[in-house]
Amino acid sequence: VNMIKDDGTVIHFNNPKVQASLSANTFAINGHAENKQITEMLPGILSQLGADSLTSLRKLAEQFPRQVLDCKAPKPEDIEEEDDDVPELVENFDEASKNEAN
């Protein structure tokens with residue numbers, strides 16, 4: 001069972017138990033619920049989406065390339081700073097292994 005909320009998230013019940021009161025026209029869904037983004041549920045959820053949800057999905061799809069472009073690679077200055085944490089090599093291990101062989 002998937003309950004699609006207005007903010008684009010989905011309440012997903014993987015193994016739901018359903019109880020019904022037909023006289024009161026009421027249904028209750030029990031089980032372990034997970035909150036997921038609608039994009040995590042694709043493509044299986046497409047058949048369950050209404051017109052409003054499809055419009056929201058289209059808006060999300062338009063925003064996705066912008067988000068990718070907004071993510072920038074680390075600046076070269078930042079990379080060099082990370083290299084400062086690596087210790088300098090002070091011995092030649094090949095020479096030491098040659099001496100051990102003799």
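All of the numbers you see were taken from the coordinates with simple rules; none came from a lab. For clarity, every value in this text was computed on a predicted model and none was experimentally measured. Here Cβ is always computed from backbone atoms with ideal geometry, including for glycine, and neighbour counts include all displayed protein chains.
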#### Entry: Karplus-derived 3J(HN,Hα), 6.51/-1.76/1.60, for each residue of the stretch 22-28, Hz, glycine and proline x
5, 5, 9, 6, 10, 10, 10
### Message
If neighbour count is taken as other Cβ atoms inside 10 Å, put SER23, SER97 in order from fewest to most.
### Response
SER23, SER97
### Task
For the stretch 12-18, just list the computed ³J(HN,Hα) in residue order, Karplus coefficients 6.51, -1.76 and 1.60, θ = phi - 60°, integers in Hz, with x standing in for Gly and Pro.
10, 9, 6, 10, x, 10, 10
